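The values are calculated or read from the model by the stated rules, or taken from the named source; none is laboratory data. It should be emphasised that the depicted structure is a prediction, and the values quoted were computed from it without experimental measurement. Every residue, glycine among them, receives a Cβ derived from its backbone with ideal geometry; neighbour counts consider all protein chains shown. Ligands, DNA and RNA are stripped out before the accessible areas are found, and what is left, the full protein with its side chains, is counted by its heavy atoms. Shrake-Rupley method; radii C 1.70, N 1.55, O 1.52, S 1.80 Å.
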Amino acid sequence: MITKALERVALTALLDTAFSALHPAMDHWAQRGEDARLKGLAGRQLVHADGTPATGEDGRPTMTASACGRRAAARHVAGYTLGQVVGTLAVTRALGYRVPPGALLAGAAINAVTHFVIDRRTPLLYLAKAARKDGYVAHCGVVRRDPETGEFKSDTFGPGTAAMELDQSAHRFIGLGAAVVTAALAVRR
């Protein structure tokens, strides 16, 4: 009984370390810039696949801003999840441990679904407001220069903002839960 508990604790620590190390690599290095820009789009207004407003005059296909945002978030989460699974398999196998596929997929699914929800931004803002962090989000924004127009614009979601810090901390906290679930399923009594 103690041996199984120790195995679960050790595996949880290993998985949490792997998930935590892989998270920024997959969330920042592997994510396409276009997906990072578009994944938070929401609304019924029509846009093109690149997120530009649709005028209806150029004949290019259109979709709602929400559909465009969901597509970008789904592409990002698919790449993120693939990287997490491959990286976790590499780490655990290098150390001689074989995580059962069902357990690994359960943890990856927890991270994937919640990552998608958080990255759509509106749910994160809702949680921030419910936790009384909306003032923090409003106060800790940045101003960025648009490279195309030269105009300065307020940004509440990019690097250096409270929203990004809340996003990253939520992903890490959920990653710990995913590690616990994965280890619990991998090492059954």
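Farthest towards the positive end of the charge dipole of the chain, among the residues His48, Leu82, Ala72, is the Cα of Leu82, using unit charges on the Cβ of Lys, Arg, Asp and Glu. Relative to the dominant Cα principal axis of the chain, helix 65-94 is inclined by about 30°. Split the accessible area of the stretch 1-132 by element, probe 1.4 Å, and carbon with sulfur accounts for 66%. Average projection, convex hull of the Cα set of the stretch 133-189: 5.6 square nanometres. Compute the acute angle (0 to 90°) between the alpha-carbon long axis of helix 162-186 and the principal axis of greatest extent of the alpha-carbon atoms of the chain; round to the nearest 10°. Here the helix axis deviates by roughly 30 degrees. In the chain, the longest principal axis of the Cα atoms and the axis of helix 2-24 are about 20 degrees apart.
Extension gain, Ala78-Arg44: 0.36 nm per intervening residue step, less the Cα-Cα distance, totals 9.8 nm. Which shape class, rounded, prolate or oblate, goes with the chain when its Cα gyration tensor gives a ≥ b ≥ c as root eigenvalues, a/c under 1.5 marks rounded, and past that a/b bigger than b/c marks prolate? In terms of gyration-tensor shape, prolate. For the chain, the dipole from Cβ point charges (+1 on Lys and Arg, -1 on Asp and Glu) about the Cα centre works out to 780 debye, to the nearest 20.
Using the 1.4 Å probe convention, the accessible area of the chain works out to 58 Å² per residue with neighbouring protein chains retained. Percent of C-alpha pairs per 5 Å bin in the stretch 25-75, short distances first: 5, 24, 29, 18, 13, 7, 3, 1, 0. In the chain, the calculated helix contribution to ellipticity at 222 nm averages -21000 deg cm²/dmol per residue, counting -39,500 (n - 2.57) for every DSSP H run with n ≥ 4.
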